[in-house]
């Protein structure tokens with residue numbers, strides 16, 4: 001039943017997410033959920049980075065705040081959620097079903113073999129469930145209402161608010177003005193911002209450090225960082241992706257060393273499965289985003305790609321990889337990354 005309701009809600013997303021405004025127009029906020037985690041995270045990351053790059057190409061500065069919530073799924077207010085479903089034009093029958101789904105749930109805690117008594121769950125959406133992430137997306141769908149005038153992108157509990165300006169000081173002033181509304185929205189919706197994990201970044205192509213980029217939320221200065229991992233992609237302040245490529249390179253190198261050790265004991269089919277699961281999967285994740293880095297930055301992962309092909313075919317390091325590509329019908333590194341742009 002839960003899977004059916006999730007599928008049915010997804011199917012009617014375009015209708016459900018349209019809200020009538022006073023002038024008769026409709027408004028749909030951008031929502032990403034993790035039902036299809038690979039495809040959707042790539043779209044969310046690509047959408048954000050393309051907007052940033054477009055502004056950088058025009059010589060602007062982009063100020064961004066990456067929001068983090070404390071116990072996001074556990075603090076969803078049930079009545080508030082049902083009220084929002086009603087505003088999103090859910091039928092009364094559907095709302096009653098969701099009320100039944102959320103209420104009368106109990107939980108307990110087990111520590112060192114001792115178990116507490118069961119207590120009613122009066123708030124929160126079930127984590128690890130099919131509907132949990134979807135309901136949370138609907139719950140925070142109106143977050144952009146609290147920060148009009150800036151861009152807001154959401155992916156489940158990962159939200160980023162960013163603004164374009166001529167200078168870092170102007171970007172900070174615009175964001176600080178909007179953070180007042182964001183803080184008010186969180187308070188009205190019973191959500192708590194994690195000030196320690198919430199960070200800000202000033203994206204710029206200039207070498208000058210943005211010392212005057214200071215963001216304050218609830219009278220507390222937010223930590224300013226030069227890079228941040230957003231949906232498993234490391235974004236740096238100059239959008240060069242060198243840190244992310246180093247991270248991918250380290251992961252692939254570790255898996256490649258394991259591949260060398262176990263390859264003599266694997267069949268060709270098993271070796272191909274390992275190649276795709278433990279090496280190519282890391283290369284392909286969000287490759288449309290980070291593969292636009294310079295050739296010198298991409299060189300380490302390109303070398304690991306060639307080495308992986310030689311390990312697959314159990315060939316020496318000096319063996320030409322082109323023959324292996326033809327033998328196993330594999331793409332060259334450049335064609336591999338370009339394939340995901342099609």
Per the filter on segment 207-225, residues surrounded by 14 or more Cβ atoms within 10 Å (Cβ to Cβ) and closer than 28 Å to residue 287 by Cα are 224, 225
Name every residue in segment 71-81 that is closer than 14 Å to residue 141 by Cβ and in contact with a helix residue (DSSP H, G or I) (Cβ under 6 Å, 6 or more places away or on another chain), in order of residue number. 76, 81
Kindly provide the set of residues from segment 61-87 that are part of a loop (DSSP other than H, G, I, E, B) and crowded, with 20+ Cβ neighbours inside 10 Å, ordered by number. 72, 76
Condition first: in contact with a strand residue (DSSP E or B) (Cβ under 6 Å, 6 or more places away or on another chain) and assigned to a loop (DSSP other than H, G, I, E, B). Now tell me which residues in segment 168-193 satisfy that. 190, 191
Residues located in segment 221-266, provided they are under 19 Å from the mean Cα position of the chain (by Cα) and in contact (Cβ under 8 Å) with a residue 60 or more places away in the chain: 228, 230, 231, 232, 233, 235, 239
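Answer with yes or no whether residue 235 is buried (at least 21 other Cβ atoms within 10 Å of the Cβ), in contact with a helix residue (DSSP H, G or I) (Cβ under 8 Å, 6 or more places away or on another chain), assigned to a loop (DSSP other than H, G, I, E, B) and modelled with pLDDT of 90 or more.
When the stated conditions are applied, residue 235 does not pass them.
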With the requirement that a residue be touching a strand residue (DSSP E or B) at 6+ places or on another chain (Cβ under 6 Å) and over 17 Å from residue 72 (Cα atoms), what does segment 145-160 give you? 147, 150, 151, 152
For segment 111-162, give me each residue that is free of Cβ contacts under 8 Å to residues at least 12 places away in the same chain and assigned to a loop (DSSP other than H, G, I, E, B). 112, 113, 116, 117, 128
Residue check, residue 202 outside the structural domain of residue 293 (by the TED database), buried (at least 18 other Cβ atoms within 10 Å of the Cβ) and part of a strand (DSSP E or B): yes
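Give me a count of the residues in segment 107-140 that are under 19 Å from residue 72 (Cα atoms) and in contact with a strand residue (DSSP E or B) (Cβ under 7 Å, 6 or more places away or on another chain).
5
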Residues that are in contact (Cβ under 8 Å) with a residue 40 or more places away in the chain and more than 18 Å from residue 334 (Cα to Cα), drawn from segment 269-287: 271, 272
Take the residues in segment 297-342 that are surrounded by 16 or more Cβ atoms within 10 Å (Cβ to Cβ), without any contact (Cβ under 8 Å) to a residue 24 or more places away in the chain and more than 21 Å from residue 265 (Cα to Cα); name whichever of them is farthest from the chain's Cα centre (by Cα). 321
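Given the residues 44, 64, which is the only one that is at pLDDT 95 or above and touching a strand residue (DSSP E or B) at 6+ places or on another chain (Cβ under 8 Å)? Show your work before the answer.
Details: 44 fails: at pLDDT 95 or above.
Result: 64 is the single residue among 44, 64 that is at pLDDT 95 or above and touching a strand residue (DSSP E or B) at 6+ places or on another chain (Cβ under 8 Å).
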Among 100, 168, 116, 129, which is the only one that is closer than 22 Å to residue 223 by Cβ and out of contact with any helix residue (DSSP H, G or I) (no Cβ under 6 Å at 6 or more places or on another chain)? 168
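The values are calculated or read from the model by the stated rules, or taken from the named source; none is laboratory data. Because the structure is predicted, anything quoted here is derived from the model rather than measured. Neighbour counts are summed over all protein chains in view; Cβ atoms, including those assigned to glycine, are modelled from backbone coordinates with ideal geometry.
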